[in-house]
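Values in this text are rule-based calculations from the coordinates and carry no lab data. This structure is a prediction, so every number in the text was calculated from the model and none was measured. Positions of Cβ are backbone-derived with ideal geometry, glycine not excepted, and every protein chain shown enters the neighbour counts.
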Amino acid sequence: MAEKENFETEPKEEETIEETAEETKEAAGEEAEKEEADPKDETEEEASKENSEEETPKEEPEEKPKEKKSKRLGKKKDPRDEKIAELTDKVKRQLAEFENFRTRSEKEKSQRYDMGASFIIEKMLPVLDNFERGLVDAPDDAFAEGMKMIHKQMVTALEEAGVKPIEALGCEFNPEFHNAVMQSEATDEYPSGTVSQELQKGYTYHDTVVRHSMVAVTQ
């Protein structure tokens, strides 16, 4: 009986050894599978992190004040401001044109006045010449004195209007004021190139020659 019990216990021990061996193999296999699964999980976690980083939008840096200012400057102008600027420019141009017109009109008016005055003076000068010729041979009486006073009054009125006689006798010949119609011999009193005789008086009106003096020039 003891032998039978020993024989029966031996196979039980062998079964337990086999079972433990199988358990150890299974445990080792599970550990290996866990080790193989771990790197996959890590890669999956990293991939999920990268995907989450890509999905989350990056925050753009804040614009600097200069960039904002440039954007404001580049903004389209208000059409009302453009219209105001256009009308202002138009008004300025019209004022400038009016000022030019006013200046030109005043100048033309003055020129027309001077032309009219010159025309009247030219018509009066021959009358004045004849007046002076008549006074040269006039007798010395009250009538002649009255005529002289009238002549003086007439000359004063012309001078006040801007009419002045041109100096000629004894002056150096100047073609701008003198018209030489004769030549004479030079003397100590009238050297060469001077006016020795005045045949007809010349006059100016506001520094403009109305009539040249007719003179004789020495040579």
Inset, instruction - Highest first, please rank the peptides 91-101, 200-210 by the mean number of other Cβ atoms sitting within 10 Å of their residues. - result: 200-210, 91-101
Inset, instruction - At 0.36 nm per residue, minus the direct Cα-Cα distance, what do residue 192 and residue 83 gain on full extension? Give it in nm, one decimal, please. - result: 31.7 nm
Inset, instruction - Using 0.36 nm per residue of separation minus the Cα-Cα distance, give me the extension gain between residue 171 and residue 183 in nm, one decimal. - result: 2.9 nm
Inset, instruction - Go through the stretch 112-213 and name the GluC sites (Glu not before Pro) that are in a DSSP coil and have 12 or fewer other Cβ atoms within 10 Å of their Cβ. - result: 176, 185, 189
Legend entry - Rounded if a/c under 1.5, otherwise prolate or oblate - the stretch 88-218, Cα gyration tensor axes: oblate
Inset, instruction - May I have the count of lysine pairs in the stretch 88-218 with C-alpha atoms under 20 Å apart, counting pairs 8 or more residues apart or located on different chains? - result: 8
Legend entry - Length added when fully stretched, residue 160-residue 199, from 0.36 nm per residue minus Cα-Cα: 11.5 nm
Legend entry - Neighbourhood charge, 12 Å Cβ-Cβ cut-off, centred on residue 103 and excluding it, Lys, Arg +1 and Asp, Glu -1: 0
Legend entry - Inter-label distance for residue 206 and residue 91, nm, one decimal - labels placed 7 Å from Cα along Cα-to-Cβ: 3.6 nm
